[in-house]
Amino acid sequence: MSDHGIQDRLLIVDDEVDMIEGLKRILSYELKGTDVTTASNPLDALDLIRREPFDLVLLDIRMPDMSGLDLLQEMLKADQWLTIVMMTAYGSIETAVEAIKRGAYDFITKPLEHEVLFATIRKGLERNRLLRENMNLQQRVCEKSAFENFVGQSLPMRRLYETIQAVARTRYTVLIRGQSGSGKELVARAIHSLSPRRNRLLVTVNCPAIPEQLLESELFGHKKGAFTGAEADQRGLFDEANGGSLLLDEIGDIPVPIQTKLLRALQEQEIKPLGVNKTHKIDVRIIASTNQDLEEKIRSRTFREDLFYRLNVVTLWTPSLDEIREDIPLLINHFTRMACCELGISPKRFSSKALEVCMHHPWPGNVRELQNFVRRIVMFSPDSVIRPDDLSIMDRPAAACMPEPAPDSDKPWKPEESEDGMEIKPYKEVKERVVKRFTLQYVSDLLEKTNGNVTRAAELSGLRRTALQKIMRRIEKGDRLLFLESRSRHKSVPRPVPRPEK
């Protein structure tokens, strides 16, 4: 019995029935509390390993029907951490050494010496315990990593976490459904991270982003010369994901002809690249996501019903922000810390009244809209505490945060009135004001286009990331005064909030 009070399980595999029954009696007496199971047929032993957990296997090398080496490999495929001790006659030491190279823990020679047998099994069981404890520790680390980007303790979120953990352990195809911006891709990544495939690739396909004429080639690959422009062989994304997972993001947008070939790939677990006559097997777990009404698409014959049922083995629904309003303060605090880190500025926080305003605001774009809103607020708020007055941009897109241009603002600057008529200010002063206005407008438009992604904004602007951050810090420290002053002169007309497409 292990130190933790959990009974160790030992499996003895040998075609000599009398010998394994004798070993069972001896080992059950010597290793108190150990559960000893026997199998005289290699196929029966393999079936046991696939159905039940064992801590150690005592395996004979020479058996009819299947050799010990072949059975060793099949057992390790079923459980790669299984501890296996080989039994061999004196004349086959080389074979035993080969078994160790293939993954066996140790070997003992026949006729068996009891003291050597007991010592070897005890060491093997101890090794197994260490491996299993390490696996449990790794699993806890994986779970923490998988959920590190999730924020929320509401009942719908807790149910989502539980469902993700349950689904991840299976091989089933998963369909993730929910509104745009509700975190469907995050759920898919968590499922893969917690699955037995976590050490292999998760390949993501943004289905609407790939033209119909290229999607089949992207998914299944093609042979050189399969079509005009196919100048070389190309592996498809199914092959890239072989052994891992394939996320078909927004699967509702896949054209019907591609759906037919996708259905075959799911049913048969095999694909045929363009220009190739033969199919080949793949081992890919499919995770699909959509924000569309697939049932309605089935009725309108734009989505195959048989593909829907093939995908809909397990369905997860991501809650909308409206369903988890109690988590909004947690989300805002999380996104505020992220935004301050992205911008390279001192920490900021929302006041309790500002949080309350946000909790009662509609968020049709869900968590994604909330995150982008927080990024804009953090960038433009002058103080370390964000108050309700700072939330004036809530009902306008980021571009509307900038002052509307005056009717004659096609000029880079405008002479100002004085008692004596038009006053011309010094060149340097006017230039500085114009450059500040331009910088503020440019940075705002840039971050709006990139949804607040500073790295992407730097790439688009041709600036280094550190240079762009310096500019943003200058806006934070002083240039925003120009924005406030300009806004007081030019009355801004609020623009309607764009609604996400359904």
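Scanning region 243-281 for residues that are among the small types (Gly, Ala, Ser) and touching a Ser or Thr at 6+ places or on another chain (Cβ under 8 Å) returns Ser245, Gly252. Across region 11-56, the qualifying residues are those that are under 42 Å from the mean Cα position of the chain (by Cα) and of a type in the set (Asp, Glu), and the one among them that is surrounded by the fewest Cβ atoms within 10 Å (Cβ to Cβ) is Glu52.
Sort out for me the helices (runs of 4 or more DSSP H) sitting completely within region 283-362 that have 1 or more residues that are of a type in the set (Phe, Trp, Tyr), in contact with a strand residue (DSSP E or B) (Cβ under 9 Å, 6 or more places away or on another chain) and not assigned by TED's automatic domain parsing to the domain that holds Thr455. It would help to see each step written out before you state the result.
Values: elements: 294-299, 305-311, 328-343, 352-359.
Those helices (runs of 4 or more DSSP H) span 305-311.
Taking the conditions (1) more than 18 Å from the chain's Cα centre (by Cα); (2) more than 30 Å from Pro364 (Cα to Cα); (3) among the polar types (S, T, N, Q) in turn, Gln292 satisfies each one other than (2).
Residues satisfying the criterion are absent from region 44-55 (criterion: among the β-branched types (Val, Ile, Thr), within 22 Å of Ala89 (Cβ to Cβ) and in the same structural domain as Gly103 (by TED's automatic domain parsing)). Of all the criteria given as (1) under 29 Å from Ala190 (Cβ atoms); (2) modelled with pLDDT under 90, the one not satisfied by Asp410 is (1). Against the test of being in a helix (DSSP H, G or I), of a type outside the set (S, T, N, Q) and in contact with a strand residue (DSSP E or B) (Cβ under 7 Å, 6 or more places away or on another chain), the options Leu262, Leu266 yield a single qualifying residue, Leu266.
Scanning region 124-152 for residues that are within 20 Å of the chain's Cα centre (by Cα) and modelled with pLDDT of 75 or more yields Asn149, Phe150, Val151, Gly152.
Within region 194-210, one or more residues are more than 17 Å from Val284 (Cβ to Cβ), surrounded by fewer than 17 Cβ atoms within 10 Å (Cβ to Cβ) and free of Cβ contacts under 8 Å to residues at least 24 places away in the same chain. For the residues Leu186, Leu215, the requirement of being in a helix (DSSP H, G or I), farther than 17 Å from Leu316 by Cβ and assigned by TED's automatic domain parsing to the domain that holds Lys272 singles out Leu215.
The values are calculated or read from the model by the stated rules, or taken from the named source; none is laboratory data. If you're wondering where the values come from, they're calculated on a predicted model, not measured in any experiment. When we count neighbours, we look across all protein chains shown, and the Cβ atoms used for this are built from the backbone with ideal geometry, even at glycine.
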